[in-house]
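Before any comments, here is the structure.
Taken together, the values in this text are just the output of simple stated rules run on the coordinates, not laboratory data. Fair warning: this is a prediction, and the values are worked out from it, not measured in the lab. All Cβ positions, even for glycine, are placed from backbone atoms using ideal geometry, and neighbour counts span all protein chains on display.
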Ligand code: B12
């Protein structure tokens, strides 16, 4: 197993240059992008989250770590591509209103893009009416919504309602995710699917569209 300690330390400190150099080193040493992502980046971000929760670090430090992680994710992105494949479907994705967390959403987008889906990313803090407008304009196969705060989860339900009111709910499959989101919540608000991580998001998306 690769040693992810230097990478982990660089992300914890928010040292972009060191983290990027370590990611390059790991790729050159033949470590898979998936292992770097799971065992290096996500594992460290979970530790950062624990330190934040227990009051050992504060928002600026957490943000520096998050930005550092995102720079490393950019380097991994080309390694998740399956090549020039025909699009498996269009996925419109965004983080819901009031929520600025986008690392998880970006990972989901990256994995789905790598699996052959076309991604239209609306960014963060997306109000229900903007999701509706874009569903009408882009006509996606799947709408993905992300929420990391328990206070912003209701914006997912608001978006489903807004789609219903605009009579476009049945034109699109809805998939939701984010740390506080559950399968039960997805059922409660009338979403079609939930996935707990980027890998299973790809599997769920393929199931929703009946493709392999
Ligand atoms: C990084 C971070 C931040 C960064 C975000 C930077 C960014 N660009 O995203 C910053 C510093 C901005 C931030 C701010 C805040 N944060 Co914050 N943050 C985090 C932290 C540490 C990590 C989140 C993360 O990126 N995880 C890594 C990714 C890979 O995991 P993920 O997001 O869960 O995504 C995976 C799955 O959930 C799933 N998924 C995600 N989205 C989707 C979408 C679809 C469609 C699907 C299918 C799947 C899916 O797949 C992803 C990949 O596997 C978490 C703690 C934690 N451990 O979760 C707190 C956390 C989420 N934050 C929290 C809080 C309270 C805040 C603030 C309110 C703090 C403050 N006092 O200002 C603000 C809110 C700002 C706002 N309005 O959004 C709380 C939320 C508590 C709650 N349950 O409501 C947490 C849990 C920390 C804590 N324990 O208190 N935060």
With n ≥ 4 as the cut-off for DSSP H runs, can you work out [θ] at 222 nm for the chain, using -39500 (n - 2.57) per run divided by the number of residues, rounded to the nearest 500? -15500 deg cm²/dmol
Directionally averaged projected area (convex hull, Cα atoms, the chain), nm²: 12.0
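For the range 90-209, count all C-alpha to C-alpha pairs, find those more than 24 Å apart, and express that count as a whole percent of the total. Don't skip to the end; give the middle numbers.
Details: 840 of 7140 pairs.
Looking at the range 90-209, the distances longer than 24 Å represent 12 percent of pairs.
For Cα pairs less than 8 Å apart in space and 6+ apart in sequence, what is the mean separation divided by the residue count of the range 161-212, i.e. the relative contact order in percent? Let's see the in-between values first.
Working: 43 pairs, mean separation 14.5, N = 52.
RCO, the range 161-212: 28 percent.
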What FRET efficiency comes out for residue 71 versus residue 165 if R0 is 45 angstrom and r is the Cβ-Cβ distance? Round to the nearest 0.05. 0.65
Name the most mobile residue of 133, 113, 28, meaning the one with the largest mean-square fluctuation, in a Gaussian network model of the chain with Cα contacts below 10 Å. 28
Say we join alpha carbon atoms closer than 10 Å with springs in a Gaussian network model of the chain; which of 27, 143, 107 then has the biggest fluctuation? 27
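Based on the Cβ-Cβ distance from residue 87 to residue 129, what FRET efficiency comes out when R0 is 25 Å, to the nearest 0.05?
On the way: r = 27 Å, r/R0 = 1.07.
The calculated FRET efficiency here is 0.40.
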Principal semi-axes in Å for the range 5-80 [√(5λ), Cα gyration tensor, largest first]: 22, 11, 10
With a 10 Å cut-off between alpha carbons and a GNM built on the chain, which of 52, 80, 131 moves the most? 52
